[in-house]
Amino acid sequence: MYIYKVGVVGAGTMGAQIAEVVSYAGLPVVVADRQDDLARQGVAAVRRIYQARVDKGKMTPEQLEEKMLLVGASTNLEDLKDVDLVIEAVPEDLTLKQQVFQELDRLCPRSAILASNTSALSISALGARTGRPGQVIGLHFFNPAYAMPLVEVIPGLATDPHTVDDVVGFAESLRKTPVIVKECAGFLVNRLLSPYLNEAVWCLQDSGLSIKDIDQDMVSFGMPVGPFALLDSVGLDIALEVARILHRSYGPRMAPAPLLEALVKAGRTGVKAGHGFYEYGSGDEQAGTQRLEDLVQQFRQLSGWHRRDWTRARPLLAMVNEAVIALQEGVASARDIDLAVVAGTGFPNDKGGPLHLADQLGIDQVLRQLDEFMQSLGIRFWPAPMLRRMVDAGFTGQPAGRGFFQY
Ligand SMILES: NC(=O)c1ccc[n+]([C@@H]2O[C@H](COP(=O)([O-])OP(=O)(O)OC[C@H]3O[C@@H](n4cnc5c(N)ncnc54)[C@H](O)[C@@H]3O)[C@@H](O)[C@H]2O)c1
């Protein structure tokens, strides 16, 4: 099915960015929100994204106006009665999203696909509230959508394969990189990123190194930003909520680092609060919140500090191990897992993604290191059973000519 017209419900951060991406590809898009001023603010946000392109000389003011002609604002979902695809981007609340899906199901053409930009909620549960679960799907853009190439495409239990094909074709027409992900908590990128970030927090508590030192080391590995700068920009409260959802689904290996919980409790939620791991703005904003150094110190005292030297292997192998578990579960192919992590997190392209990295390090070495971490740090490093099977069968990675990939 060709998509001629798109609706976006929710004109907030993601809704506006998605509307920009859709209009940039030349498709008309209606952005709907609860109130007129909110819908207008969403359209104004689309204009600002285009204006930044004009300011950089990447677009003319005339081209900007042409694109803006494709973007309409609405407060009435009835205005979506002639769209082929709706992308819902209202806040992350299952009840609210289910209400929106019920309403869309009633108002949109019978043939229309209803997609959700949810980061973590069940697509199957959204589809179940409609009379067209075969046409309900997850379409997860990353922030900022105009810059991030990855789009996770998540079929629910009842999603029709045609819907998957149509949405993959649509994402490609937006010049995005779609990756099909089997429905699971955190989908693919957040599921792999969360243990990496969480482990960096554990390392801060254990290593005696500063956030700056750890961030710099991960940047020298090739990450676009260090884990603490990333946590601050995502929002520590959001990262903690994701970690809690993953913990509920996957058990102990995803337990949020206590220091992360303490920072959120202390109101240090990141850039938006003026302080998270780093300080932003003037020193006055520090008043009323505990200093990071004091919180770290408290945790070291509480847990009887066993100092451990920093190694980037800890956060990286936490991600690698989760990638292998996801591969075992058939969440995506090895190629797609690596593609998604590179496109969705900025994992260094020359390392190829977590599974290519494991092949480069040697699967036997990865297994040995995970076993060691499990002994010294606990059950969260329990190696994925597939690693042992691979080692036993001689699939030890690049040096052997075969691992997750053939060489
Ligand atoms: N912010 C991110 O970095 C990010 C990244 C990927 C996915 N997501 C997901 O995208 C979705 C939206 O997140 P966001 O950060 O853009 O939220 P947001 O709070 O910035 O925007 C949500 C918008 O939805 C509107 N809204 C609420 N109820 C509505 C209704 N009944 N009908 C129409 N509009 C309604 C709100 O007024 C608001 O403008 C969430 O599911 C979130 O998990 C967010």
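Here are some notes:
- Using every pair of separate Cα atoms, the Kirkwood estimate puts the hydrodynamic radius of the chain at 22.5 angstrom.
- Between 0 and 90 degrees, the angle of helix 334-345 with respect to the longest Cα principal axis of the chain falls at about 80 degrees.
- Sulfur and carbon atoms: percent of accessible area, the range 123-191 [1.4 Å]: 54
- Applying 1/(1 + (r/R0)^6) with R0 = 25 Å to the Cβ-Cβ distance of R312 and W382 gives a FRET efficiency near 0.80.
- Applied to the range 108-118, the Karplus parametrisation 6.51 cos²θ - 1.76 cosθ + 1.60 on θ = phi - 60° returns per-residue 3J(HN,Hα) values of 7, x, 4, 7, 5, 8, 10, 10, 10, 8, 3 Hz, with x for Gly and Pro.
- When the solvent-accessible area of the range 15-112 is split by element, carbon and sulfur atoms take up 48 percent of it, the probe being 1.4 Å.
- Long-range HN-HN contacts of G138 with modeled amide H, under 5 Å: S116, I154, G156
- Two-decimal ratio, the range 216-369, of alpha-carbon radius of gyration to 2.2 N^0.38 Å: 1.15
- Residue among P149, P195, P91 with the largest mean-square fluctuation in a Gaussian network model of the chain, springs linking Cα atoms under 10 Å: P91
- Rolling a 1.4 Å probe across the protein heavy atoms gives the range 313-400 an accessible surface of 39 Å² per residue.
- Net charge of the neighbourhood of Q365, taken over other residues with C-beta under 12 Å away and scored Lys/Arg +1, Asp/Glu -1, is -3.
- Set K176/K212; K58/K272; K97/K265; K212/K351 screened for pairs whose C-alpha atoms are more than 25 Å apart: K176/K212; K58/K272; K97/K265
- At 0.890 mPa s and 25 °C, Stokes diffusion of the range 189-302 via Kirkwood alpha-carbon radius, µm² per second: 172
- In this rough spin-label picture, where each label sits 7 Å from Cα along the Cβ direction, the R106-Q298 distance is 4.8 nm.
- Charge sum, other residues only, whose C-beta stays under 13 Å from P383's C-beta, Lys/Arg counted +1 and Asp/Glu -1: 0
- Volume per residue of the convex hull around the Cα atoms, evaluated for the range 37-149, comes out as 117 Å³.
- Taking the DSSP beta bridges with both ends in the chain, the antiparallel portion is around 30 percent.
- Shape annotation for the range 313-400: C-alpha extents along the principal axes are 33, 27, 24 Å, from largest to smallest.
- Sites A400 and S333, calculated FRET efficiency, Cβ-Cβ separation with R0 22 Å, nearest 0.05: 0.60
- Given +1 at the Cβ of Lys and Arg, -1 at the Cβ of Asp and Glu and no other charges, the dipole of the range 6-180 around its Cα centre is 260 debye to the nearest 20.
- Per residue, the convex hull spanned by the Cα atoms of the range 121-216 measures out at 111 cubic angstrom.
- Residues whose amide H comes within less than 5 Å of that of G72, counting only those at least five positions distant or on another chain, are V29, V30, V31 (H built at 1.01 Å from N in the peptide plane).
The values are calculated or read from the model by the stated rules, or taken from the named source; none is laboratory data. Every value quoted in this text rests on a predicted model; they were computed, and no experiment measured them. So basically every Cβ, Gly included, is an ideal-geometry build from the backbone, and we count neighbours across all protein chains shown. Accessible surface areas use protein heavy atoms only, side chains included; no ligands, DNA or RNA. Shrake-Rupley method; radii C 1.70, N 1.55, O 1.52, S 1.80 Å.
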